[in-house]
Amino acid sequence: FDADQIVLACKAGGLKGLVVVAKHHDGFCLWPTKTTSHNIRKSPFRGGKGNYLKEMEQACRRAGLKFGVYVSPWDRSSAHYGTEKYVEIFHSQIKELLGGDYGEVFEMWFDGANGGDGYYGGAREKRKIARNYYRFGEVLRFVKEHNPSVTVFGGGRDGDFRWPGNERGLIDPDSRATCKGLGRRPDELTFKPFEADFPLRRGWFWHAREKGTTKGAAHLTKLYLSSVGNGG
């Protein structure tokens, strides 16, 4: 693993910043968090003393790229998911990441996934959550307090971006960044552009069987025109 090689390849491709996955739905934390033992210290990476997130953050600083963090609210491994205890764990994880060890963060990316099937510490079941379960109002206040210029994807109406409703990189050509109905009042105009997403391969995660499914340059150019080209 060479963080500089990855970051410099991204820079050479014209990227200005990276949003690095610190934790996805599997709940495995790619930094040595104090909130759960389900983290990178339990892996053979760097002899159990590594910190993937820190290596990526430092590589971004060296290359002059902005550094952002993705933290999944949903945790398919935690036995506490669905209880108030998990919400406190989730909030603590965000506070660890914004506590100063990783410097300025230009974007926090919170996935919109809200529960479902999981391992949940061995329960192996589906869990549903209430609409305001994660208490995103508190999360966003904390995030903005520590990084006033940070942008946020997720968190409902208080987030800075909208999702286009698909994971194919497609945005309606008639879309507008300024819209009504997404602020705190129905008639309020808010500036909330789309952030379009799509996987480079068939799915979001690496599988050997998907070798050769990486999207080609022509297809990526088409997606660029249908996302950034339509204001995203």
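Observations on the structure shown:
- Exactly one residue out of Gly64, Gly112, Gly116, Gly47 is over 25 Å from Asn147 (Cβ atoms), out of contact with any His (no Cβ under 6 Å at 6 or more places or on another chain) and in contact (Cβ under 8 Å) with a residue 24 or more places away in the chain: that is Gly116.
- Comparison of Arg157, Arg176 shows that the only residue that is of a type in the set (Lys, Arg), open to solvent by 70 Å² or more (accessible area, probe 1.4 Å), closer than 30 Å to Glu104 by Cα and in a loop (DSSP other than H, G, I, E, B) is Arg176.
- Every test in (1) outside any loop (DSSP other than H, G, I, E, B); (2) under 26 Å from Ile94 (Cα atoms) is passed by Pro199 save one, and that test is (1).
Residue by residue, here is whether (1) farther than 28 Å from Ala123 by Cβ; (2) within 16 Å of the chain's Cα centre (by Cα) holds:
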| position | (1), (2) |
| --- | --- |
| Gly47 | yes, no |
| Glu55 | yes, no |
| Phe67 | yes, yes |
| Thr83 | no, no |
| Phe90 | no, yes |
| Asp101 | yes, no |
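The values are calculated or read from the model by the stated rules, or taken from the named source; none is laboratory data. All of these numbers come straight from a predicted model, not from anything done at the bench. Backbone-built Cβ (ideal geometry, glycine too); neighbour counts: all protein chains shown. Accessible surface is based on the protein model in full, side chains and every heavy atom, while ligands, DNA and RNA are left aside. Shrake-Rupley method; radii C 1.70, N 1.55, O 1.52, S 1.80 Å.
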